[in-house]
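Visitor: Take this structure, written in structure tokens, and hold onto it; I'll ask about it next.
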Amino acid sequence: MGNGLSDQTSILSSLPSFQSFHIVILGLDCAGKTTVLYRLQFNEFVNTVPTKGFNTEKIKVTLGNSKTVTFHFWDVVFGTLILVTHKTK
């Protein structure tokens, strides 16, 4: 399952030429969202603790001809999203 993460350049080269992408990762507690996020950022497995609320990270990737793409990830615990939505109504 994680082998696809090691070859990121072939996936990214097929993306449209935008400067920045905003990606939301939703899931339940202890589902592995932060682990996947740090695997993408550091290209290694990092021991994490459960996220309280949300976590944001920016990851810059340089493609071929010095083209840089920035990914802004929002790692959101699904239960927190329900609470925030409920409080704003």
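The values are calculated or read from the model by the stated rules, or taken from the named source; none is laboratory data. Computed from a prediction, not measured in an experiment: that's the story for all the values here. Positions of Cβ are backbone-derived with ideal geometry, glycine not excepted, and every protein chain shown enters the neighbour counts.
Visitor: What pairs come up if the first residue lies in the range 33-45 and is more than 14 Å from I23 (Cβ to Cβ), the second is of a type in the set (F, W, Y) and surrounded by 15 or more Cβ atoms within 10 Å (Cβ to Cβ), and their beta carbons are under 9 Å apart, counting only those six or more places apart or on different chains?
Guide: Every condition considered, the pairs that remain are E44/Y38; F45/Y38.
Visitor: Just to be sure, is L26 over 11 Å from F78 (Cα atoms) and either surrounded by 11 or more Cβ atoms within 10 Å (Cβ to Cβ) or not acidic (D, E) (or both)? Lay out the reasoning, then the answer.
Guide: Numbers: over 11 Å from F78 (Cα atoms): no; either surrounded by 11 or more Cβ atoms within 10 Å (Cβ to Cβ) or not acidic (D, E) (or both): yes.
It is false that L26 is over 11 Å from F78 (Cα atoms) and either surrounded by 11 or more Cβ atoms within 10 Å (Cβ to Cβ) or not acidic (D, E) (or both).
Visitor: Which of the following residues is in a loop (DSSP other than H, G, I, E, B) and modelled with pLDDT under 85: T51, T9?
Guide: Working: T9 fails: in a loop (DSSP other than H, G, I, E, B).
Exactly one residue qualifies, and that residue is T51.
Visitor: I'm trying to understand the selection: among the residues of the range 54-73, which are under 16 Å from V24 (Cα atoms) and either in contact (Cβ under 8 Å) with a residue 40 or more places away in the chain or not in a strand (DSSP E or B) (or both)?
Guide: T70, F71, H72, F73
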